[in-house]
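What follows is a short report on a single structure.
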Amino acid sequence: MNEYDNFLAIVNGSEPVSARWADAVQKVVTIAQEQGVTVDETDVLGCRAARTYALGATVSDDEFEAEALKLTPIIAAKQEAVELQRIADGNPEAIQRLNKQPPEQRISTARRAGLGADEVTHEHDEMSEAQALEVVLQIENPAERLRVAERLGIGRAPISDRRARRMRDR
């Protein structure tokens with residue numbers, strides 16, 4: 001039995017309470033969206049001001065906002081946990097959103113999702129390398145082109161390959 005079952009029974013049994021509940025849900029959803037958090041009706045059940053308003057009490061907009069703002073970090077944490085689980089499960093949309101993040105944030109998010117560095121795809125990096133290559137090819141001065149390409153890490157063999165070649169040439 002859920003702790004809100006009695007409240008929901010009252011909401012379902014009375015049209016005026018149901019209408020006020022719908023209004024309260026809409027108010028909390030609007031406040032949460034302003035904070036960048038998606039809220040549904042089940043999340044709003046945790047908002048005391050919304051339940052009180054639905055039952056007929058007068059609740060000020062300030063009380064609604066204060067309660068909703070207390071609720072949004074909890075909901076944001078739940079949403080982040082769901083997103084991290086999607087990333088860990090290999091959900092393509094979640095991985096795509098992960099790849100759009102800046103590298104530092106992408107690594108941090110992947111770690112929180114329980115992924116190692118070798119498990120994260122780097123589509124974003126491959127695109128940036130292709131774009132960097134286009135820029136390097138547009139440079140006319142050969143010395144400048146080599147300097148920029150080296151700085152961007154384009155056209156160099158991995159360190160392990162260079163070591164192997166050096167050892168072979170000795």
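In this structure, is residue 58 surrounded by 14 or more Cβ atoms within 10 Å (Cβ to Cβ), out of contact with any Lys or Arg (no Cβ under 8 Å at 6 or more places or on another chain), free of Cβ contacts under 8 Å to residues at least 12 places away in the same chain and β-branched (Val, Ile, Thr)?
Answer is no for this residue.
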- Any idea which of (1) assigned to a helix (DSSP H, G or I); (2) out of contact with any helix residue (DSSP H, G or I) (no Cβ under 8 Å at 6 or more places or on another chain); (3) of a type outside the set (Asp, Glu); (4) at pLDDT 85 or above is the one residue 58 doesn't satisfy? (1)
- Message: Quick test of your reading of the structure: residue 2 fulfils all but one of (1) within 24 Å of residue 113 (Cβ to Cβ); (2) at pLDDT below 80. Name the failing condition by number.
- Response: (1)
- Item | Single residue of 42, 38, 52 found to be closer than 20 Å to residue 78 by Cα, hydroxyl-bearing (Ser, Thr, Tyr) and not in a loop (DSSP other than H, G, I, E, B) | 42
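The values are calculated or read from the model by the stated rules, or taken from the named source; none is laboratory data. Only a predicted model underlies this, so the values are computations on that prediction, with no experimental measurement involved. Here the Cβ is made from the backbone with ideal geometry for all residues, glycine too, and neighbour counts use every protein chain on show.
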